[in-house]
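First comes the structure, then the notes that go with it.
The values are calculated or read from the model by the stated rules, or taken from the named source; none is laboratory data. If you're wondering where the values come from, they're calculated on a predicted model, not measured in any experiment. Note that each Cβ is placed from the backbone with ideal geometry, even for glycine, and that neighbours are counted across all protein chains shown.
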Amino acid sequence: MRAVFVDANPALQAIAERLAPTAAPRVDIAFGDPDITPDALPAALAGAPIAVIDHTALPTAVARHCAGLAHVVFLGTGARSYMNPEELGALGISVDIIKGYGDSAVAECTIGLLFAAARGFAAMDGAMRAGRWLRQEGTQLGGKTLGLIGFGGIGAEVARLALGLGMQVLAWNRTPRSCDGVRFVDIDTLLAESHAVSMHLLLDDETRGFLSRQRIAALRPGALFVNTARGALVDEAALIEALAAGRIGHAGLDVFDVEPLPADHPFTSLANATLSAHSGFRTPEANERLIAAALAHCERIERGKHPPSST
């Protein structure tokens, strides 16, 4: 069976080429251009039944022209930011995501952005590079309360790290959860009591815009905010207004509504926003697990053991 990793960057391609002989021996894997555009996907797939996709959009209108395509293996959990799984399903194309591969990597990124928000490292670094000695008073995280919106694998790992820092941890989740040291509360309590809030929801129709203008207004004054999940979970315009007004003390953001972030985006002019290029999950260790899981999934498809769509 043929699969095409349509947008493989050199690092991921190297891992796939190394692992494929043992992880997916019955799958013939080809590689496309890491900068491929959606309109080029039908030609790149050339009738292949499996598309492995890292970050390229697959509009339903384009998928209609991908003859023979039956399976999309999306490298991550945020497939809905790039395609409509239900519409693709109606075309007979299943969409599957890879979970768990980067929980530790994203959790460490979350804590890193939380420290950056608390201590103003980016502003001091920029000032010193410009010849100014900027001493900025920061916030100690020990003893403060961190609120986690969503408590899957990444949220649980963030909680573990935060508890190790001596923080109090609150959490809200759509389904019941329990975790030693974590107090699960309603969303209003979390927003009101947390000194810092971090997003860890999966993006879907129910969670899109979850942190609304009203909920942003309900945050504790001066709260820190971190998002390593998806930009569309947040009312971005309201977040920008709250940062500009100082109602939110500082935001550490790894994800945005539009990616790559436009050079003239309002976030780039806010001194109290630290920006990261959707790289929270990008570590060698996570990449290895990600590609291994994707190849194993392709092999299961070839062997007729494909599970129901996991989106």
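Remarks
- First in segment 160-187 and of a type in the set (Gly, Ala, Ser) and at pLDDT 95 or above, second anywhere and surrounded by 17 or more Cβ atoms within 10 Å (Cβ to Cβ) and in a loop (DSSP other than H, G, I, E, B), Cβ under 6 Å, 6 or more apart: 171/151
Table: residues versus (1) farther than 22 Å from residue 77 by Cβ; (2) among the β-branched types (Val, Ile, Thr).
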{"position": "15", "(1), (2)": "no, yes"}
{"position": "18", "(1), (2)": "yes, no"}
{"position": "30", "(1), (2)": "yes, no"}
{"position": "33", "(1), (2)": "yes, no"}
{"position": "39", "(1), (2)": "yes, no"}
{"position": "49", "(1), (2)": "yes, no"}
{"position": "58", "(1), (2)": "no, no"}
{"position": "61", "(1), (2)": "yes, no"}
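- For residue 32: the one exception among (1) within 22 Å of the chain's Cα centre (by Cα); (2) at pLDDT 95 or above: (1)
- Of all residues making up segment 199-233, the number that are charged (D, E, K, R) and more than 15 Å from the chain's Cα centre (by Cα): 5
- Considering each residue of segment 292-311 in turn, none proves to be within 21 Å of residue 138 (Cα to Cα), assigned to a helix (DSSP H, G or I) and without any contact (Cβ under 8 Å) to a residue 24 or more places away in the chain.
- Members of segment 82-105 that are touching a residue at least 40 places away in the same chain (Cβ under 8 Å) and among the β-branched types (Val, Ile, Thr): 95, 97, 98
- Residue within segment 93-108 that is out of contact with any Phe, Trp or Tyr (no Cβ under 7 Å at 6 or more places or on another chain) and on the phi > 0 side of the Ramachandran plot present: yes
- Considering (1) surrounded by 18 or more Cβ atoms within 10 Å (Cβ to Cβ); (2) not assigned by TED's automatic domain parsing to the domain that holds residue 8, the lone condition that residue 124 does not fulfil carries the number (1).
- Some residue of segment 264-281 being under 13 Å from the mean Cα position of the chain (by Cα), in a helix (DSSP H, G or I), of a type in the set (Gly, Ala, Ser) and not assigned by TED's automatic domain parsing to the domain that holds residue 80: no
- Test: residue in segment 255-264 that is crowded, with 22+ Cβ neighbours inside 10 Å and either closer than 29 Å to residue 73 by Cα or not basic (Lys, Arg) (or both): yes
- First in segment 123-151 and of a type in the set (Phe, Trp, Tyr), second anywhere and part of a loop (DSSP other than H, G, I, E, B), Cβ under 6 Å, 6 or more apart: 151/173; 151/177
- Unique match (being over 15 Å from the mean Cα position of the chain (by Cα), surrounded by fewer than 23 Cβ atoms within 10 Å (Cβ to Cβ) and at pLDDT 95 or above) among 245, 251, 196: 245
- Per the listing 166, 153, 147, the residue uniquely more than 27 Å from residue 98 (Cα to Cα), assigned by TED's automatic domain parsing to the domain that holds residue 195 and of a type in the set (Gly, Ala, Ser) is 166.
- The listed residues are 223, 237, and the only one of them that is surrounded by fewer than 17 Cβ atoms within 10 Å (Cβ to Cβ) and free of Cβ contacts under 8 Å to residues at least 40 places away in the same chain turns out to be 237.
- Across segment 150-157, not a single residue is classified as over 23 Å from the mean Cα position of the chain (by Cα) and β-branched (Val, Ile, Thr).
- The number of residues in segment 128-159 being of a type in the set (D, E, K, R) and surrounded by 17 or more Cβ atoms within 10 Å (Cβ to Cβ) comes to 2.
- Of the strands (runs of 3 or more DSSP E) lying entirely inside segment 1-79, the ones with 3 or more residues being over 18 Å from residue 97 (Cβ atoms) are found at 28-31.
- Checked against (1) in a helix (DSSP H, G or I); (2) surrounded by fewer than 18 Cβ atoms within 10 Å (Cβ to Cβ), residue 208 passes all but a single condition, namely (1).
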